[in-house]
Amino acid sequence: MARAAVTAFVETGEIVTPSSIVPESLRGPAPVFVTLRKLNDLRGCVGTTEPKWPTLAQEIIMNAIAAATQDPRFPPVARVELDHLSYEVDILMPLEPVASEADLSPERYGVMVEALGRRGLLLPAIEGIRSAMEQVAIAKRKAGLPPDAAVTLFRFEVERFREGS
């Protein structure tokens, strides 16, 4: 679904609509992150911590398009890149407040930090992230917070779907 959404949008500017035969599991709302990779390198990642669309199918479609066209770290995906992209979809489980980094495990949990009206999020099982301390430091950077900022911590699990898995 994410691939079809990006391909249609990049090639024609059209936003695909979910099929009428969408499985029951995609009919309810849920937050989701869509990650694009090009030759295993990050090419875009956009998501939501709360659903913005009525169905998970729509959330996947819109976040896939946003990952391809609105991630500020990258230019929009070009047509010549489409065959070289791989897709990951992470459905977020509810955020749980935690007392400290001791309650985190970067392989199992993603983390969200919150302070001064800012939020930073890092998905779980990111290659090269080996400690909760490192995970929180990156989430603080993403939120634009100083390294020593006191933050409220949240953890979450994901259901990950990866092409070829």
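Side notes on the structure shown:
- Folded to 0 to 90 degrees: helix 56-69 orientation relative to the chain principal axis, Cα: 90 degrees
- Calculated FRET value between L39 and T69, using beta carbons and R₀ = 22 Å, to 0.05: 0.65
- C-alpha long axis of helix 2-12 to longest principal axis of the chain, angle in °: 60 degrees
- A DSSP coil position with no more than 15 other Cβ atoms inside 10 Å describes the following trypsin sites (Lys or Arg not before Pro) in the stretch 81-145: R108, R130.
- The stretch 14-84: trypsin sites (Lys or Arg not before Pro) falling in loop per DSSP and having at most 15 other Cβ within 10 Å: R27, K52, R73
- For the stretch 96-160, size of Cβ-based charge dipole, Lys and Arg +1, Asp and Glu -1, in debye: 260 debye
- Rounded to two decimals, the Cα radius of gyration of the stretch 112-165 over 2.2 N^0.38 Å is 1.23.
- Distance in nm between pseudo-label sites at T49 and S105 (7 Å out along the Cβ direction from Cα): 2.3 nm
- For the chain, the Rg and Dmax computed from alpha carbons only, in angstrom: 16.2, 50
- Dipole of the stretch 96-160, positive direction: furthest Cα of P146, G128, V113, with charges on the beta-carbon: P146
- Charged neighbours of M62, selected by a Cβ distance under 14 Å, balance to -3 (K, R count +1; D, E count -1).
- Rounded to 10°, Cα long-axis angle of helix 132-143 versus longest principal axis of the chain: 60 degrees
- Here the label points at R162 and R79, each 7 Å from Cα along the C-beta direction, are separated by 3.2 nm in the simple model.
- DSSP loop GluC sites (Glu not before Pro) with at most 14 other Cβ within 10 Å: longest gap in the chain: 15-106
- Backbone N under 20 Å from the T152 label point (7 Å along Cα→Cβ), restricted to the stretch 123-144: 123, 136-144
Any read-out appearing in this document is the output of simple, stated calculations on the displayed coordinates, not a laboratory observation. Remember, predicted model here, so these are calculated numbers, not experimental data. Positions of Cβ are generated from backbone atoms using ideal geometry, with glycine treated the same way; all protein chains shown enter the neighbour counts.
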